[in-house]
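K.L.:
For reference, the structure I am asking about is given below.
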Amino acid sequence: MTHQSSKDGVIASIQALRAFAVSWVVIDHAFPHSLPGGFIGVDVFFVISGFLITAHLLKQIETGSFTFAGFYLRRARRLLPAAVLVLAVTAVASLLLLPAAWKADTLSGIGAAAVYAVNWWLAAQSVDYFADSGVISPVNHYWSLSVEEQFYLVWPALIMITLWGVRRLPRPPSPAAAVGGLMALLAVLSFTAAVTAMQADRQAAYFFTHARAWEFAAGGIAAWAVRSGAPDRGWLRRPAARAAVLLAGWAVLLSSGWMLSPQSAVPGLAAIPVVVATALLLVLGDAHGVAPAGAVFRWGPVRRLGDVSYALYLWHWPLLVLAPFALPALEGHWALAAGAILLSLGLAGLTYRHVENRFRQTRAGTA
């Protein structure tokens, strides 16, 4: 298999994971009783994010091209335009549609989302993420984006500090070993924090960044394994082994929608199978040797859904929350939720094409 076809296969598999993750979250939010464990799609997103960011950092560190300014500018260009657009539209729509009793809390939540701190705001408010009554903010879903941004804020610094420190040891380990050790340590500490936090306050722990860091670290470990050449040696080289990992991994992900529920210990023990399955699928990289899976990954609708997954995640929740206030006669009807999803897909496509791509392709002095 050529390098380019391998790279295309990896991209297709990541887009398939994104398509799965956003589909599970959207279905769970729109029709929660049909897919009670769909919320686990967010955990899949966290592992993917840890994988991609760590792979990017390792490559830049190896080539000596990493700068903090460049890293944060790329993140801002990738994430901020669409997030700000949806927040602005949501703020206006909330002022027009929501009852007066909801507006103060909603605007406060929008402010917290704007500075990527809404996860801590929700935890402080003792919000139950799975509640289906009371005041439900149209920006509750920004909690996961806040967790991601907080991770992005500290992860490059942790890696650079670790590399700086090990160079000063009498017998320094290799940079790859040092980074691998850092990620393993982070995963253990964060998972321990998640289990402890859930015992103390289950609702708040769901939003804690330190209780979620192990999921990003799992993705980082997958990136480190790929960078170290793990998929090209040992048992993973065998087509039968790759097929077994692929099928088992996707079986875990697909079954999670019904095996998990809001009562499951997430982000604790119950999240382990999904996190490990996602990490292994990322290490596997593509569906080489498993032709039917490769065909599904490269199928146009799957790739397009992966492309618009970020924008779809942004749009779907405000529309689901605000739709009953715009069309009260249809409140509780499946058609209203279905219509909100269809509108979300349309807006996601437009946002991806005219906002995300435009800013992503922008470079200094160009547009």
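K.L.:
Please compute the length gained on full extension between MET160 and ALA131, using 0.36 nm multiplied by the number of residues separating them and subtracting their Cα-Cα distance.
P.N.:
Taking MET160 through ALA131 to full extension adds about 6.4 nm, to one decimal.
K.L.:
Relative contact order (percent) for the chain, with alpha-carbon contacts under 8 angstrom and 6 or more residues of separation?
P.N.:
30 percent
K.L.:
OK, next. Show me, for region 323-339, the HN-Hα J-couplings you get by feeding each phi into the Karplus relation (A = 6.51, B = -1.76, C = 1.60, θ = phi - 60°), rounded to Hz, glycine and proline as x.
P.N.:
Going residue by residue, I get 4, x, 7, 7, 10, x, 5, 9, 4, x, 8, 4, 5, 5, 5, 5, x Hz, with x marking Gly and Pro.
K.L.:
While we're looking at this one, here's another question. I'd like the Kirkwood hydrodynamic radius of region 1-139, using the inverse of the mean 1/r over distinct C-alpha pairs, in Å.
P.N.:
About 18.0 Å, per the Kirkwood formula over Cα pairs.
K.L.:
Connecting C-alpha atoms closer than 10 Å in a GNM of the chain, tell me which of GLU331, GLU356, GLU149 has the biggest fluctuation.
P.N.:
GLU331
K.L.:
I've got another one for you. Restricting everything to alpha-carbon atoms, can you work out Rg to Rh for region 3-360 with a Kirkwood hydrodynamic radius?
P.N.:
Radius of gyration relative to Kirkwood radius: 0.97.
K.L.:
Please name whichever of TRP299, VAL283, LEU320 sits farthest to the positive end of the charge dipole of the chain, dipole taken about the Cα centre and charges placed at Cβ: Lys and Arg +1, Asp and Glu -1.
P.N.:
The Cα lying farthest towards the positive end belongs to VAL283.
K.L.:
To continue, here is another question. Mean shadow of region 86-140, computed from the convex hull of its alpha carbons, in nm²?
P.N.:
For the Cα atoms of region 86-140, the hull's average projected area reads 3.7 nm².
K.L.:
Evaluated at 4 °C with a viscosity of 1.567 mPa s, what Stokes-Einstein diffusion coefficient in µm²/s does region 213-338 have when Rh comes from the Kirkwood expression over alpha-carbon pairs?
P.N.:
The Stokes-Einstein estimate is 75 µm²/s.
K.L.:
Count neighbours as other Cβ atoms within 10 Å of each site's Cβ, and list the chymotrypsin sites (Phe, Trp or Tyr not before Pro) in region 250-355 that are DSSP loop with at most 15 such neighbours.
P.N.:
Counting only loop positions with at most 15 other Cβ atoms within 10 Å, the chymotrypsin sites (Phe, Trp or Tyr not before Pro) in region 250-355 are TRP299.
K.L.:
Using the Karplus curve 6.51 cos²θ - 1.76 cosθ + 1.60 with θ = phi - 60°, what ³J(HN,Hα) values do you get for each residue of region 225-235, in whole Hz, with x for Gly and Pro?
P.N.:
5, 5, 5, 7, x, 4, x, 9, 9, x, 5
K.L.:
Please state the shape class of region 139-272: rounded when a/c is under 1.5, otherwise prolate if a/b exceeds b/c and oblate if not, all from the C-alpha gyration tensor.
P.N.:
Oblate, because a/c is 1.5 or more while a/b does not exceed b/c.
K.L.:
Could you compute the longest span of the chain free of trypsin sites (Lys or Arg not before Pro) located in DSSP loops and having at most 15 other Cβ atoms within 10 Å, not counting the site residues?
P.N.:
1-166
K.L.:
Calculated FRET efficiency, LEU95 and ALA241, Cβ-Cβ r, R0 56 Å, to nearest 0.05?
P.N.:
After rounding to 0.05, the efficiency reads 0.50.
K.L.:
So if each residue of separation counts as 0.36 nm, and I subtract the Cα-Cα distance between VAL188 and ASP232, what length gain in nm does that give?
P.N.:
13.2 nm
K.L.:
Same structure again: Quick check on region 20-98: take the gyration tensor over C-alpha atoms, sort the square-rooted eigenvalues as a ≥ b ≥ c, and tell me if it's rounded (a/c under 1.5), prolate or oblate.
P.N.:
Because a/c hits 1.5 or more and a/b fails to exceed b/c, region 20-98 counts as oblate.
K.L.:
Per residue of the chain, what 222 nm ellipticity follows from adding -39500 (n - 2.57) for every DSSP H run with n ≥ 4, rounded to the nearest 500?
P.N.:
Per the formula, -24000 deg cm²/dmol.
K.L.:
Step through the residues of region 211-218 one at a time and calculate ³J(HN,Hα) from phi using the Karplus curve (6.51 cos²θ - 1.76 cosθ + 1.60, θ = phi - 60°), rounding each to whole Hz and writing x for Gly and Pro.
P.N.:
With coefficients 6.51, -1.76 and 1.60, one gets 7, 10, 4, 5, 6, 5, 4, 4 Hz.
Bear in mind that the values in this text are calculations on the coordinates, not laboratory data. Predicted model only: the values in this text are computed from it and were never measured. Reconstructed Cβ throughout: ideal geometry from the backbone, glycine too, with neighbour counts over all protein chains shown.
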